[in-house]
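Read the structure below first, then the notes.
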């Protein structure tokens, strides 16, 4: 009960857990590339065993980076309803498309076959894999490193006029302000509760009323966000920020054999995953 | 005023933030405090001393983890307590309360609280009228003004009226004048004084401005590192230089002058902290 307004505690995005493990010390460019390779492999792989293998690798990575597994599990919790809804939808409506294998049930438009069940199970597992993987990535890499790595990896796109730097900056700012706005929101909720507002007490099916209950928070929050944005612009301009100007970098990364090994490792894992026939 | 039944009674209150995480932090440590009905209490202390955590207990935004908070007979640690009854007794005005305005029109925003209480329209109207006049906004003139066209000082008054319209017995303010221009600051202080002296509200306010504390408070409560380190009248606290030094408490300009004079060897009463009293003390010196 005393924690009803402690919003900042529940935010795991951008949360960094410095344990100083091997994974933490990897060059962010290579780490990011390795994660992209593995996520692609997970997205393509549609076998039971392949996904189980991926899950095992993910769990193993938690132990290598010395991050307690419950951090990953708490990342899955909010996604559970989504995974379930997706699974039901796929089970009901995807039978026609994924109609290979043995057909177990055919009733009107609903077709349940071994293939559609595979699809359902595999997509749920993919979700878990991806959440685990990205948890390891964000928990073991500071947001600065992450955006640096991304900026460097996307570097070649600058040749086709893609605003890589601006893109990286947008993401940095967005992540930077998540905890700030969580605190603002906490303050707003407390302020409105002090004036007699109550949140989440209405019955859940009265969606309109519950949405209206949120107005006293959302409107001021937008106001505060816009004011903060203006402050940020001024602060950046005061420090001579010019969009698109060429700039030198503070952080320099140097790849070591460890980093190449990590990338190689991710490729090997992916090949194994995709090579497994079941 | 009954001495036995204080308006606010805090006993052995402790609070730990982010309990069970590596970031856990003890914000309150065995705090005891009693505020009598009609009193005006200033809570002072440096950032992170636990002031905000303490005042959030007064209207149940934070429930006591250990110890007890009793407001006008309502026990905040009781899980069965109807929190809205409590919040009608204790009006809490946050820092920069103008951020919380959300309705298009001033009157509607002030009416939010009473409407949420489920009061009939006539009563809501009466309360909005009362609250707006009390903070110095003319009901007729201001109720249909758009909220976002107001000045900072006016917005703050609207926010204060929004809390007063709940007709609380205790008014708790977190740095009520921070960020206001001198004129709005002075006016707001006078409004708060009126609420305390004439409307007989119990006022508890957090402030870093010692002039304000000297002007308003009947009693000063000093916090440091989650603990209460001093509790006394402004005269006792501002009049004791050793205490002030020991706890790094700033002083109003008037008290500063008194101490300077005493250092120069003049015989003077440093407890004369109000500007008028200070002036009298200096006059006495000149006439001698």
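How many residues does region B:128-154 hold that are farther than 24 Å from residue B:201 by Cα and in a helix (DSSP H, G or I)?
Residues flagged as farther than 24 Å from residue B:201 by Cα and in a helix (DSSP H, G or I) within region B:128-154 amount to 7.
Name the single residue, out of those in region B:54-90 being touching a residue at least 60 places away in the same chain (Cβ under 8 Å) and farther than 19 Å from residue B:205 by Cβ, that is farthest from the other protein chains (Cβ to nearest Cβ).
Within region B:54-90, the match that is farthest from the other protein chains (Cβ to nearest Cβ) is B:73.
Limited to region B:209-232, what total is found for residues that are over 20 Å from residue B:172 (Cβ atoms), touching a strand residue (DSSP E or B) at 6+ places or on another chain (Cβ under 6 Å) and assigned to a loop (DSSP other than H, G, I, E, B)?
So the answer is 0.
Residue check: is residue A:246 surrounded by 12 or more Cβ atoms within 10 Å (Cβ to Cβ) and free of Cβ contacts under 8 Å to residues at least 24 places away in the same chain?
It is false that residue A:246 is surrounded by 12 or more Cβ atoms within 10 Å (Cβ to Cβ) and free of Cβ contacts under 8 Å to residues at least 24 places away in the same chain.
From A:140, A:194, A:114, which residue is touching a strand residue (DSSP E or B) at 6+ places or on another chain (Cβ under 9 Å) and either buried (at least 20 other Cβ atoms within 10 Å of the Cβ) or within 14 Å of chain B (Cβ to nearest Cβ) (or both)?
When all the criteria are applied, what remains is A:194.
Within region A:205-212, does at least one residue satisfy the condition of being within 24 Å of residue B:124 (Cα to Cα), part of a helix (DSSP H, G or I) and facing chain B (nearest Cβ under 10 Å)?
So far as region A:205-212 goes, no, none of its residues is within 24 Å of residue B:124 (Cα to Cα), part of a helix (DSSP H, G or I) and facing chain B (nearest Cβ under 10 Å).
Quick check: is even one residue across region B:236-251 exposed (fewer than 14 other Cβ atoms within 10 Å of the Cβ), in contact with a helix residue (DSSP H, G or I) (Cβ under 8 Å, 6 or more places away or on another chain) and part of a helix (DSSP H, G or I)?
No, every residue in region B:236-251 fails to be exposed (fewer than 14 other Cβ atoms within 10 Å of the Cβ), in contact with a helix residue (DSSP H, G or I) (Cβ under 8 Å, 6 or more places away or on another chain) and part of a helix (DSSP H, G or I).
Within region A:125-134, can one find any residue that is out of contact with any helix residue (DSSP H, G or I) (no Cβ under 8 Å at 6 or more places or on another chain), within 30 Å of residue A:255 (Cα to Cα) and touching a residue at least 24 places away in the same chain (Cβ under 8 Å)?
No, the conditions are met nowhere in region A:125-134.
Just wondering, is there one or more residues in region B:187-208 that are closer than 21 Å to residue B:54 by Cα, away from every other protein chain (no Cβ under 14 Å), in contact with a strand residue (DSSP E or B) (Cβ under 8 Å, 6 or more places away or on another chain) and in a helix (DSSP H, G or I)?
yes
Just one of (1) touching a residue at least 24 places away in the same chain (Cβ under 8 Å); (2) within 25 Å of the chain's Cα centre (by Cα) trips up residue A:117, so point out which.
Result: residue A:117 fails condition (2) only.
Check off (1) within 11 Å of chain A (Cβ to nearest Cβ); (2) at pLDDT 90 or above for residue B:141 and give me the number that stays unchecked.
The failed condition is (1).
Looking at (1) in a loop (DSSP other than H, G, I, E, B); (2) touching a residue at least 24 places away in the same chain (Cβ under 8 Å), which is the one condition that is false for residue A:190?
Going through (1) in a loop (DSSP other than H, G, I, E, B); (2) touching a residue at least 24 places away in the same chain (Cβ under 8 Å) one by one, residue A:190 breaks only (1).
Filter region A:38-62 down to the residues that are touching a helix residue (DSSP H, G or I) at 6+ places or on another chain (Cβ under 8 Å), over 13 Å from residue A:125 (Cβ atoms) and surrounded by fewer than 16 Cβ atoms within 10 Å (Cβ to Cβ) and list them by number.
A:40, A:44
Name the one entry in B:194, B:233 that is under 20 Å from the mean Cα position of the chain (by Cα), over 26 Å from residue B:13 (Cβ atoms) and at pLDDT 90 or above.
B:194
Exactly one of these conditions fails for residue B:147: (1) within 29 Å of residue B:54 (Cα to Cα); (2) within 12 Å of another protein chain (Cβ to nearest Cβ). Give me its number.
Exception for residue B:147: condition (1).
Given the conditions (1) part of a helix (DSSP H, G or I); (2) surrounded by fewer than 16 Cβ atoms within 10 Å (Cβ to Cβ), and given that residue A:162 satisfies all but one, which numbered condition is not satisfied?
(1)
Take residue A:170 and tell me if it is more than 14 Å from chain B (Cβ to nearest Cβ) and surrounded by 15 or more Cβ atoms within 10 Å (Cβ to Cβ).
It is false that residue A:170 is more than 14 Å from chain B (Cβ to nearest Cβ) and surrounded by 15 or more Cβ atoms within 10 Å (Cβ to Cβ).
Inside region B:9-30, can you point out the residues that are within 11 Å of another protein chain (Cβ to nearest Cβ) and at pLDDT 80 or above?
Answer for region B:9-30, where residues must be within 11 Å of another protein chain (Cβ to nearest Cβ) and at pLDDT 80 or above: B:15, B:16, B:17.
Is it the case, given these coordinates, that residue B:104 is surrounded by fewer than 20 Cβ atoms within 10 Å (Cβ to Cβ) and either under 14 Å from the mean Cα position of the chain (by Cα) or closer than 30 Å to residue A:223 by Cβ (or both)?
Criteria met by residue B:104.
Which one of B:176, B:182 is farther than 24 Å from residue B:118 by Cβ and buried (at least 16 other Cβ atoms within 10 Å of the Cβ)?
That would be B:176, the only listed residue that is farther than 24 Å from residue B:118 by Cβ and buried (at least 16 other Cβ atoms within 10 Å of the Cβ).
List every residue pair whose Cβ atoms sit under 6 Å apart, with the two residues 6 or more apart in sequence or on different chains, where the first one lies in region B:99-119 and is more than 10 Å from every other protein chain (Cβ to nearest Cβ) and touching a residue at least 40 places away in the same chain (Cβ under 8 Å) and the second, anywhere, is buried (at least 23 other Cβ atoms within 10 Å of the Cβ) and assigned to a helix (DSSP H, G or I).
Final answer for the pair search is B:106/B:158; B:111/B:128.
The values are calculated or read from the model by the stated rules, or taken from the named source; none is laboratory data. Note that this is a predicted model, so its numbers are computed, not measured. With ideal geometry, Cβ positions are generated from the backbone for all residues, glycine too; neighbour counts draw on all protein chains shown.
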